[in-house]
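Q: This is the structure I have questions about; it appears just below.
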Amino acid sequence: MPPFIYRITKYDPADRDEHGSYIGAEDSTSDHGPVEAAYLQAIAAFAEDTGIDHLDIREPGISSLAHFGLEPAVDGHGLAGLFPPDLSGFHDGAEVPVSLGLELVRVMLRGNGAWCRLAVEDKFDVQVGWDQYVYVSSDKRCERAVARTRALNLFPERLEASLYDADSDEPGVQRPADEDFWARLRWTIAMRHAAILEEGYLHNASRWHRLTEDTLDAVRARLTPRAQLTVWPDLSTDVDAVLASLPDEGPVEFVWEDENGALSSTMADESDYKELAARVAGARAATALSLTLDERHPLFTAVLPDSDGVLRARWRTEPTPSDRNWAFLKTLHRGQICTGTVTEIASFGVTFVDIGGFTAMINIPELSWRRFDHPSDVVSVGQEISAEILDVDLVGERVSLSLKALQEDPMPQFTQQVGQITNGVVTKLVRSEPSSVSKTERTASKAWCTFPSWQKDM
């Protein structure tokens, strides 16, 4: 956030109580005339003092929950005429001239249902708060703009921080939709674990895509820049069963594919079910998603990074188990030594180890250099062990470990005995090799069996 922060209001700071609450006569609503024009002129003055001619749209969203103006609320989101009907160009990171940015401020001052932050990174920032409080930040003092704002009968107040400071959000790591993400998504589609992609292109606005291995690349190519992506299991082709399973009360998000293959969604509760059933008649497939966070279970999520691979969008999602696995796996690398607890020895011999909330595995050949009949001869459930990481698979979400990598390899001590004569006890007889095996190979095989120490230690 730039260091010089001003709150611009139409409310006289002298009309506040000891808690900072406004107690004056000025109404929180205003007309779309002189007061609104004064706000826009003040912001234009700060932009000019800062020396910028464009703004970047950040964290855009649409809603119809707020309205501040004296005139009737507009239909939709108030962006008609500024952007195409599909709102292309209104997305996180989109660059607009200052003139269009001021029109977006006008929409927000009127509470017409769209909002965003307007910024030039580290130089300038504009946010419209509740009751027409406007926060402007600049990397310059903007003394002329401050004087101009006062001349417009508005009140600029210098602040230490904005209430809408972008850096004040709770910390968190959002998974990027990088090549590892797309490989993971392609794998889950092939395994028939997933087939629906929700594209959150604005706050409170989503598009839905039903995916196949053949259509994934085409869908990826037309996603909105910096979109938030949520992966869901496939729709059910038994639409009647989905309708019958709707909860007795509470809202759900109903997603369906119509007879033409187009996906749509709507919010509905028990009062809408009859109308909903009529609306989706003839649908090919559908699903109902709870709107309660504890009952909403996507497979994994991500956000599209910019073309340079850097993730600049600040969307945050509730992490899924797969997202948490991804974050943990990104901290691991081949050759790393880790500790964990043996949780299971499977019937097929693989040993499973908890390494901090993630289950890694040790295949039989990686347990020991010594000979053993069963993995339980080497490890036991509940035992704490140290092992070397052999591989980290972000696509399959697997980690392979090796116990024997931390043990001394016995082979060098035997290679040092090449050419020496030794005595030993025959411990095993093997069938004769096919005639195609050379005499030298047969001799080598028999000589190998004369080392009792190898057979005993293995």
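Q: Across segment 27-50, which residue is modelled with the highest pLDDT among those that are out of contact with any strand residue (DSSP E or B) (no Cβ under 9 Å at 6 or more places or on another chain) and outside any helix (DSSP H, G or I)?
A: Once the filter is applied, the top-ranked residue is Gly33.
Q: List every residue pair whose Cβ atoms sit under 8 Å apart, with the two residues 6 or more apart in sequence or on different chains, where the first one lies in segment 181-202 and is in contact (Cβ under 8 Å) with a residue 60 or more places away in the chain and under 18 Å from Val303 (Cβ atoms) and the second, anywhere, is β-branched (Val, Ile, Thr) and in a helix (DSSP H, G or I).
A: Once the first residue is in contact (Cβ under 8 Å) with a residue 60 or more places away in the chain and under 18 Å from Val303 (Cβ atoms) and sits in segment 181-202, its partners that are β-branched (Val, Ile, Thr) and in a helix (DSSP H, G or I) give Ala194/Thr188.
Q: Inside segment 338-360, can you point out the residues that are open to solvent by 50 Å² or more (accessible area, probe 1.4 Å) and on the phi < 0 side of the Ramachandran plot? It would help to see each step written out before you state the result.
A: Pass one, segment 338-360, residues open to solvent by 50 Å² or more (accessible area, probe 1.4 Å): 339, 341, 343-344, 347-348, 354, 356-357, 359.
Listed by number, the residues that qualify are Thr339, Thr341, Thr343, Glu344, Ser347, Phe348, Asp354, Thr359.
Q: Looking at (1) in a loop (DSSP other than H, G, I, E, B); (2) more than 29 Å from the chain's Cα centre (by Cα), which one does Asp272 not meet, given that it meets all the others?
A: Checking Asp272 against (1) in a loop (DSSP other than H, G, I, E, B); (2) more than 29 Å from the chain's Cα centre (by Cα), the one that fails is (1).
Q: Still on this structure: Taking into account only those residues within segment 403-448 that are in a loop (DSSP other than H, G, I, E, B), closer than 30 Å to Glu388 by Cα and at pLDDT 80 or above, which is most open to solvent (accessible area, probe 1.4 Å)? Steps first, answer last, please.
A: Just the residues of segment 403-448 that are in a loop (DSSP other than H, G, I, E, B), to begin with: 403, 407-410, 416-438.
Retained after the next criterion (residues that are closer than 30 Å to Glu388 by Cα): 403, 407-410, 416-417.
Those left that are additionally at pLDDT 80 or above: 403, 407-409.
Details: Leu403: 21, Gln407: 72, Glu408: 163, Asp409: 62 Å².
In this case the residue turns out to be Glu408.
Q: For residues in segment 1-26 being more than 16 Å from Phe155 (Cβ to Cβ) and in a loop (DSSP other than H, G, I, E, B), which is least open to solvent (accessible area, probe 1.4 Å)?
A: Narrowing segment 1-26 to residues more than 16 Å from Phe155 (Cβ to Cβ): 1-4, 17-19.
When the remaining residues are screened for being in a loop (DSSP other than H, G, I, E, B), the result is 1-3, 17-19.
On the way: Met1: 63, Pro2: 8, Pro3: 80, Asp17: 48, Glu18: 157, His19: 148 Å².
Only one residue fits best here, namely Pro2.
Q: Let me ask something additional. Given the conditions (1) more than 30 Å from Glu249 (Cα to Cα); (2) surrounded by 14 or more Cβ atoms within 10 Å (Cβ to Cβ); (3) of a type in the set (D, E, K, R), which single one is not true for Asp308?
A: (2)
Q: Check segment 224-240 and report whether any residue there is surrounded by 17 or more Cβ atoms within 10 Å (Cβ to Cβ), without any contact (Cβ under 8 Å) to a residue 60 or more places away in the chain and in a helix (DSSP H, G or I).
A: Scanning segment 224-240, I find at least one residue that is surrounded by 17 or more Cβ atoms within 10 Å (Cβ to Cβ), without any contact (Cβ under 8 Å) to a residue 60 or more places away in the chain and in a helix (DSSP H, G or I), so the answer is yes.
Q: Is it the case that segment 282-300 has a residue that's exposed (fewer than 14 other Cβ atoms within 10 Å of the Cβ), over 29 Å from the mean Cα position of the chain (by Cα) and not acidic (Asp, Glu)?
A: Restricting attention to segment 282-300, the residues satisfying the condition of being exposed (fewer than 14 other Cβ atoms within 10 Å of the Cβ) are 282, 291-295, 297.
With the extra rule that they be over 29 Å from the mean Cα position of the chain (by Cα), the set shrinks to 282.
Filter again for not acidic (Asp, Glu), leaving 282.
Yes, because at least one residue in segment 282-300 is exposed (fewer than 14 other Cβ atoms within 10 Å of the Cβ), over 29 Å from the mean Cα position of the chain (by Cα) and not acidic (Asp, Glu).
Q: Is it the case that some residue within segment 260-267 is among the small types (Gly, Ala, Ser), assigned to a loop (DSSP other than H, G, I, E, B), open to solvent by 20 Å² or more (accessible area, probe 1.4 Å) and at pLDDT below 95?
A: Initial filter on segment 260-267 (among the small types (Gly, Ala, Ser)): 261-262, 264-265.
After this cut, where a residue has to be assigned to a loop (DSSP other than H, G, I, E, B) as well, the list is 261-262.
Next cut, open to solvent by 20 Å² or more (accessible area, probe 1.4 Å) only: 261-262.
Next cut, at pLDDT below 95 only: 261-262.
Yes, segment 260-267 contains a residue that is among the small types (Gly, Ala, Ser), assigned to a loop (DSSP other than H, G, I, E, B), open to solvent by 20 Å² or more (accessible area, probe 1.4 Å) and at pLDDT below 95.
Here is a yes/no grid of residues against (1) modelled with pLDDT of 95 or more; (2) buried (at least 19 other Cβ atoms within 10 Å of the Cβ):
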| residue | (1), (2) |
| --- | --- |
| Ile52 | yes, no |
| Asp56 | yes, yes |
| Ala73 | no, no |
| Pro84 | no, no |
| Glu103 | yes, no |
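Q: Something else about it: Any chance you could count how many residues in segment 292-318 are touching a residue at least 24 places away in the same chain (Cβ under 8 Å) and closer than 26 Å to Arg58 by Cβ? Lay out the reasoning, then the answer.
A: So in segment 292-318, the residues touching a residue at least 24 places away in the same chain (Cβ under 8 Å) come out as 292-293, 298-306, 309, 311-318.
The next check asks that each one be closer than 26 Å to Arg58 by Cβ; those that pass are 293, 298, 300-306, 309, 311-318.
Qualifying residue count, segment 292-318: 18.
Q: Output the residues belonging to segment 181-204 that are among the aliphatic types (A, V, I, L, M), surrounded by fewer than 18 Cβ atoms within 10 Å (Cβ to Cβ) and at pLDDT 95 or above.
A: Answer for segment 181-204, where residues must be among the aliphatic types (A, V, I, L, M), surrounded by fewer than 18 Cβ atoms within 10 Å (Cβ to Cβ) and at pLDDT 95 or above: just Ala183.
Q: Residue under question is Leu311, and the condition is that it be among the hydrophobic types (A, V, I, L, M, F, W, C), over 16 Å from Arg398 (Cα atoms) and at pLDDT below 95; does it hold? Quick ask: steps written out before the conclusion?
A: Working: among the hydrophobic types (A, V, I, L, M, F, W, C): yes; over 16 Å from Arg398 (Cα atoms): yes; at pLDDT below 95: yes.
In short, yes.
The values are calculated or read from the model by the stated rules, or taken from the named source; none is laboratory data. In this text the structure is predicted, and so the values were computed from the model without any measurement. For neighbour counting, all protein chains shown are included, and Cβ atoms are generated from backbone atoms with ideal geometry for every residue, glycine included. Ligands, DNA and RNA are stripped out before the accessible areas are found, and what is left, the full protein with its side chains, is counted by its heavy atoms. Shrake-Rupley method; radii C 1.70, N 1.55, O 1.52, S 1.80 Å.
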